[in-house]
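The values are calculated or read from the model by the stated rules, or taken from the named source; none is laboratory data. Being a predicted model, the structure only gives us computed values, none of them experimental. Neighbour counts are summed over all protein chains in view; Cβ atoms, including those assigned to glycine, are modelled from backbone coordinates with ideal geometry. Just so you know, the surface numbers come from the protein's heavy atoms only, side chains and all, with ligands and any DNA or RNA stripped out. Shrake-Rupley method; radii C 1.70, N 1.55, O 1.52, S 1.80 Å.
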Amino acid sequence: MQNTQSRKFDKQANKYDKLRTHDKTFKYRQKIFTDIQGEVLEVGIGVGLNFPLYNRDVELTGVDFSGEMLKRARQAAKEYPFQTTLIQEDVEMIDFPENSFDAIVSSGTLCGYQNPLAVLNNFQKWCRPEGKILLLEHGISSNKPLSWLQKSLDPLAVKMMGCHANRDISGLVKSSKLNFAREERYLAGNVYLIWAKP
């Protein structure tokens, strides 16, 4: 199953790479992925779209199951001064020691996991007690007609892109072991920015 999933994202690597210059979500990334310090884990790092937002002193560990995405991320990382370690692994299978990171970053990943709640609970375990978990995700809209459409198209979205369009991101975070701090929603409530603590 996971090989099928990673192949879907391998095929999208070029599309994501082009977003470096045309990323419509960059303003939302800027709102949430700022002032990140220390040892940072970015899950589903993809091609490295968040690289411009990290300061030069971070030590970044990036995980992704797509080899094609990571190939582009490795190339992009050469343009930035911070230390980067990239690991090709499924976030749902990998394990880090408790209290390994000062910050955990996720953008557009919760749609793809088989068990997103377990992943969020791992964030709580992997993050240091004084650290932070920052999520920029897409999910079920607060607009009723749009949410109906998302629910209807979800099987197709999963089949084509490996991505669930209808997940309640706020509900997932609140059901997890994370401490929900605050949230902002954009684009008819389809884009979630969530600040959380371990």
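Quick notes
- Tensor-based shape of the range 35-137 (alpha-carbon gyration tensor, a/c under 1.5 rounded, otherwise prolate or oblate): oblate
- Signed unit charges on C-beta, dipole axis of the chain, positive-most listed residue GLY139, LEU153, ALA196: LEU153
- Lysine-lysine proximity count for the range 56-198, Cα under 14 Å, sequence distance 8 or more or distinct chains: 7
- Pair ALA157, GLU89: separation of 7 Å Cα→Cβ label points (nm): 2.9 nm
- Across the chain, the mean sequence separation of Cα contacts (distance under 8 Å, 6 or more residues apart), normalised by length, yields a relative contact order of 19 percent.
- Basic side chains Lys and Arg get +1 at the Cβ, acidic Asp and Glu get -1 at the Cβ, and with that the dipole of the range 129-198 about its Cα centre reaches some 120 debye.
- Option label - volume of the Cα convex hull per residue in Å³ computed here, alternatives (1) 130; (2) 148; (3) 108: (3)
- Compared with the direct C-alpha span, the chain from PHE96 to ARG74 gains 5.8 nm at full extension, assuming 0.36 nm per residue.
- Percent accessible area from carbon and sulfur atoms, the chain, protein chains only, probe 1.4 Å: 51 percent
- In the range 74-137, Cα pairs under 8 Å separated by at least six residues give a relative contact order of 40 percent.
- If you wrap the Cα atoms of the range 58-100 in a convex hull and average its projected area over all directions, you get 3.3 nm².
- Cβ crowding within 10 Å averaged over residues, with 63-75, 87-99 ranked highest first: 63-75, 87-99
- Think of it this way: in the chain, CYS127 stand alone, with no other Cys Cβ under 4.7 Å.
- Per residue, the accessible area of the chain comes to 50 Å² when a 1.4 Å probe rolls over the protein heavy atoms.
- Only Lys, Arg (+1) and Asp, Glu (-1) charged, at Cβ; the chain dipole about Cα centre in debye: 760 debye
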